Amino acid sequence: MSEPKNQAAWLIKAGSPLEVGDAPLPKAGPGELVIKNVAIAINPLDCHMQDSGVFIQQWPAIFGCDIAGEVYEIGKDVERFKKGDRVIGHAINLISGRPQDGAFALYTVIPADKAAILPDEIPFTDGVVVPFALEAAVCALCLKEPGIAMPGVSTPALGLPYPSLRDVPLLGKILVVYGGSSSVGSMTIQIAKAAGIYVLAISGAHNFDFSMRCGADRVFDRKDSSLAAKIIDTVRNNGGDFIGIFDAIATPETYANDAAILAQLTKGHLACVNPPPPADSVPATVKSGMIFAVDDVVTPVWKDYVTPALQSGKLQCLPTPLIVGKGLEHIQSALEKAKEGVSATKLVIEL
Ligand SMILES: NC(=O)c1ccc[n+]([C@@H]2O[C@H](COP(=O)([O-])OP(=O)(O)OC[C@H]3O[C@@H](n4cnc5c(N)ncnc54)[C@H](OP(=O)(O)O)[C@@H]3O)[C@@H](O)[C@H]2O)c1
C-alpha cells in the first residue's frame, strides 16, 4: 500500500501568512504516536508564534498545539494505544522545535504520554478543545516543585492533588481563577473542582452561567468596580485555606486587581499565564510565577483521568468549539479571527 501524502500549513518566516504545502510523512519514534488529524484547535500562543516567531527553532515551521484524530503509527514502547484509536493529544513543537511535532498538518507526532482515547460519542471537533488547556491547568495546579518557565521566571508550585474520578469532599482550600470564561481558566476550574477545591471565578457577566457549568462555586463580574473587595470578603468569610490566584488572563488590568486582593490576604500564590507583575507589586509573602504548559506532571492525568472523565462527563469539552472551516487552508483565517478575540469559545478547524 502506498504511503499517504502529508500536507501542512507552513510558516516560512515570522509575520507571514501560512502556506499550505507538502510535508514529509512523519515517523513515530520511541514513546511517540503519529496521529492522522481530524480536527485542530487554535490558541492565542499560535498567533504570537506566527507574528513574532517566538519559540520557533526550525524554519520553515509547523506549529500548533491541539489535535484530535486517529492513531496512524505507534512507536516502540507504546502500549496504551493501537492503530485506528480515536485520540486527543497535545503537540509539543513549542518545546521540541521539530516541524513534525506541530499540529497544523494532516499528520502530527505527539508523545504517547500526552494523548488519551476520545470516547466514541464525543466528536473530534469537541475533544480537540481539551489538550493544551488541560496541560496548562494541571501544570498550574499540581506542580510540587518550582521549575523554570523562562529565564529568570519560575513556575509556581501550588502542589494541589490531581483531579479525581470520584466525587471528592471539599478540601477546605479556596482558589481564585481570574478569567473563568477563557479556555485555560475554564479548564482550570474543571480540574480544581475535580480535586476538591472551592473555586471563585472572575468572568464577564455574560459568562457567569458558563463558569458555573465548569464548576465554579461563585462567579464575580470582571467589570465590577468593587471586585477586589468582594473577593477579599468572600475568601475571609469562607474561612478555607487561601491557595491564591490563578490569573489566566495576566494583563496590567488583572494584575491591578490581583495586587489589591493579595495586599489584603497577604499569602498564597499568584500563578500567571504570562510573566508575573514586578515582585514589589505583591506582598513578599506571596509567591508569584508563570506557568509553563508542558510538563511530565500531567502524564498521570493523561493516562488515568482524561478518558474515563470524558466518558462520565466529569471532564467537559469546554469552551464550546466554533468550527471555522474544513481544510488546512482555513487555519490562517482562524488565526486572524483569534486575534479579534473570542468569548468562551475555542476556534477549531476540521480536516
Ligand atoms: N504560560 C503558558 O504555558 C500558557 C498556556 C496556555 C495559554 N497561555 C496564555 O493564557 C492566555 C489565555 O489563553 P486562553 O486560550 O485561555 O484565552 P482565550 O480563551 O482566548 O481567552 C478569551 C477569554 O478571556 C476572557 N477575558 C479577557 N480579559 C479578561 C479579563 N480582564 N477578566 C476576565 N476575563 C477576561 C474573555 O472574556 P469575555 O468573554 O468577558 O470577553 C474571553 O472569554 C493567553 O495569553 C495565552 O497565551 C499561557
Hey, I74 hits all of (1) buried (at least 17 other Cβ atoms within 10 Å of the Cβ); (2) at pLDDT below 95 but one; which does it fall short on? (2)
In the set L25, L33, the lone residue that is of a type in the set (A, V, I, L, M) and part of a loop (DSSP other than H, G, I, E, B) is L25
Given S226, S182, S186, which one is without any contact (Cβ under 8 Å) to a residue 60 or more places away in the chain and either farther than 23 Å from A309 by Cα or within 14 Å of the ligand (Cβ to nearest atom) (or both)? S226
Criterion first (at pLDDT below 95, within 15 Å of the ligand (Cβ to nearest atom) and surrounded by fewer than 24 Cβ atoms within 10 Å (Cβ to Cβ)) does A149 satisfy it? yes
Restricted to the range 38-66, and to residues that are in contact (Cβ under 8 Å) with a residue 60 or more places away in the chain and part of a strand (DSSP E or B), which residue is nearest to T345 (Cα to Cα)? A41
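This table checks each residue for (1) part of a loop (DSSP other than H, G, I, E, B); (2) under 26 Å from S154 (Cα atoms).
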| residue | (1), (2) |
| --- | --- |
| D224 | yes, no |
| F242 | no, yes |
| I249 | yes, yes |
| D258 | no, yes |
| P283 | yes, yes |
| F292 | yes, yes |
Among all residue pairs at least 6 apart or on different chains, which show Cβ distances below 8 Å where the first residue, located in the range 322-351, is away from the ligand (no atom under 14 Å from the Cβ) and the second is part of a loop (DSSP other than H, G, I, E, B) and not aliphatic (A, V, I, L, M)? L328/F104; I331/G64; I331/F104; Q332/P17; I349/G327; E350/G327; L351/G327
Sort through V219, V184 and tell me the only one that's crowded, with 22+ Cβ neighbours inside 10 Å, over 19 Å from the mean Cα position of the chain (by Cα), among the β-branched types (V, I, T) and closer than 21 Å to I261 by Cβ. V219
Is one or more of the residues making up the range 239-251 of a type in the set (F, W, Y), at pLDDT 95 or above, in contact with a helix residue (DSSP H, G or I) (Cβ under 8 Å, 6 or more places away or on another chain) and more than 11 Å from the ligand (Cβ to nearest atom)? yes
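The values are calculated or read from the model by the stated rules, or taken from the named source; none is laboratory data. Just so you know, these numbers come straight off a predicted model, no measurement behind them. All Cβ positions, glycine included, derive from the backbone under ideal geometry; neighbour counts span all protein chains shown.
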